[in-house]
């Protein structure tokens with residue numbers, strides 16, 4: 001009951017902490033993405049308005065408009081496909097626009113004089129030549145097909161002053177659709193003006209009350225409202241209470257089972273004390289030999305492990321200096337990025353230390369569990385790969401990730417594979433082609449693991465002795481002579497098979513066969 005209550009209390013605090021962290025992360029995510037989206041929107045509107053203004057500033061008379069209209073408008077619409085319509089409004093009676101039917105693709109002359117006058121009332125007719133770069137932006141308008149547009153008006157001047165405006169229709173819906181489809185904007189967002197939606201790109205079933213903040217985006221005299229939703233919402237903390245309750249019940253039952261198991265073992269020990277003492281001495285001796293072999297293997301690959309840890313340590317040092325500098329400059333957003341980089345490297349070191357520590361730890365002889373071969377291979381490769389790289393030995397792997405699970409003592413199987421890979425590396429030390437192969441496949445209910453090398457091979461007369469304890473062909477101080485002997489014992493303890501084949505001058509192949517059931 002005590003363990004159950006402790007579990008519930010821990011669950012409460014963990015859930016509360018998860019929720020606080022989630023809310024904080026979402027807040028920073030929304031602020032960051034809002035700034036990015038606002039910048040993108042402003043830059044797109046600015047780019048289209050500047051392009052339109054550039055065309056208007058090239059014209060200084062009606063004759064120039066007549067001469068260059070087709071060329072300029074075709075070029076502009078080709079570069080900016082979201083400018084979907086063009087028009088010209090004249091301030092005062094001017095020479096006739098000689099545009100002809102060939103311009104109907106771009107020029108729409110459907111406005112009569114009354115409509116022209118109505119439009120001009122909305123535009124500033126008192127501009128001076130110093131205002132030629134100004135572009136006016138209209139409020140948005142919703143078309144019958146539900147697409148949203150706005151009008152851009154760029155002034156046209158001649159030597160005497162303002163003569164008219166070049167108008168372009170900017171299709172905001174198509175523009176923002178393009179930004180979303182090309183991943184220039186990745187987060188769900190909504191733009192509105194005066195309470196009316198301009199554009200919305202939201203996922204299904206989004207809750208409006210999830211938005212904690214609105215942001216203002218100034219756009220050519222208008223203030224648009226921007227709302228941004230987080231890209232991903234994590235709901236783990238919502239289920240943490242239920243999970244914690246189940247874990248509390250599980251640990252309570254586990255504690256009861258452990259106590260009951262201890263009592264059964266105690267009674268069994270009292271009944272078979274003499275036999276158990278003998279078996280204990282035997283097991284202890286065997287464990288010491290296995291542990292000695294593991295520590296010897298770790299000693300051989302220690303240099304590679306140290307090199308692997310040194311790299312993230314250097315990255316941590318660099319980001320620590322950058323973090324201190326950013327704190328002094330009050331660049332707190334960069335400080336957060338520095339801390340994330342440091343945490344990533346710390347996790348990398350932690351993974352290395354855990355793998356090495358797990359391998360070097362003295363394991364129980366009967367610690368059998370269901371294990372995936374791919375996971376075992378990954379741990380073994382991570383332990384020895386840096387030693388291979390430092391000694392310029394190529395490790396070629398044919399290890400399918402979908403091999404069936406096996407019941408085994410994971411640490412012991414890892415020890416066998418580390419022994420074989422270290423022996424293979426040493427075997428190719430003097431070879432011209434330093435290549436080691438590790439392959440695995442399943443067949444007829446058994447898992448086959450092969451480790452082969454391109455070394456000089458083993459003499460036929462010595463093949464029968466290589467599994468003998470303390471027998472080694474390595475140079476003095478290079479090996480203990482226990483690796484293959486202990487590996488042979490471990491594989492037979494798993495009811496498996498251990499075979500070796502060798503050809504002088506071509507190399508050796510060690511095959512481990514383990515039952516899948």
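Laboratory data are not the source of any read-out in this text; all were calculated from the coordinates shown. What you see is a predicted model, and the numbers here were worked out from it, not measured in a lab. Glycine also receives a Cβ, built like all others from the backbone with ideal geometry; neighbour counts cover every protein chain displayed.
At a Förster distance of 25 Å, what's the computed FRET efficiency of residue 70 paired with residue 50, Cβ-Cβ distance as r, to 0.05? It would help to have the intermediate numbers written out before the result.
Working: r = 22 Å, r/R0 = 0.87.
According to the calculation, E is roughly 0.70.
Full-extension gain between residue 126 and residue 24, please, as 0.36 nm times their residue separation minus the C-alpha to C-alpha distance. Show your work: numbers first, answer last.
Working: separation 102, 0.36 × 102 = 36.72 nm, distance 5.12 nm.
Full extension of this stretch gives 31.6 nm more.
In nanometres, what is the gap between the two model label sites at residue 17 and residue 429, each 7 Å from Cα along Cα-to-Cβ?
With each label point 7 Å from Cα toward Cβ, the separation is 4.8 nm.
Could you order peptides 82-92, 163-173, 328-338 by the average number of other Cβ atoms within 10 Å of their residues, highest first? Display every interim value, and only then the final one.
Numbers: 82-92: 17.7, 163-173: 22.2, 328-338: 12.9.
The most tightly packed comes first, giving 163-173, 82-92, 328-338.
What nm distance separates the two modelled labels at residue 178 and residue 259, each placed 7 Å from Cα along Cα→Cβ?
Once both label points are built, they end up 7.2 nm from each other.
Taking the Cα centre of each part, how many Å lie between the range 494-509 and the range 396-445?
12
Give, in nm to one decimal, the length gained when the segment between residue 243 and residue 492 is fully stretched (0.36 nm per residue of separation minus the Cα-Cα distance).
Between residue 243 and residue 492, full extension yields 85.6 nm more.
Please state, rounded to one decimal and in Å, the Kirkwood hydrodynamic radius that the range 382-452 gives when every pair of distinct Cα atoms enters the mean of 1/r. It would help to have the intermediate numbers written out before the result.
Values: mean 1/r = 0.0754 Å⁻¹.
Every distinct Cα pair counted, the radius reaches 13.3 Å.
To the nearest 0.05, what FRET efficiency results for residue 58 and residue 317 with a Förster distance of 41 Å applied to their C-beta separation? Don't skip to the end; give the middle numbers.
Details: r = 57 Å, r/R0 = 1.38.
Between residue 58 and residue 317 the formula returns 0.10.
Determine, for 224, 69, the number of other Cβ atoms within 10 Å of each Cβ, and report the residues in order from fewest to most. Numbers along the way, then the final one.
On the way: 224 20, 69 23.
Result, fewest neighbours first: 224, 69.
Full-extension gain between residue 407 and residue 192, please, as 0.36 nm times their residue separation minus the C-alpha to C-alpha distance. Provide the component values of the computation, followed by the final result.
Numbers: separation 215, 0.36 × 215 = 77.40 nm, distance 6.07 nm.
Taking 0.36 nm per residue and subtracting the Cα distance, the gain is 71.3 nm.
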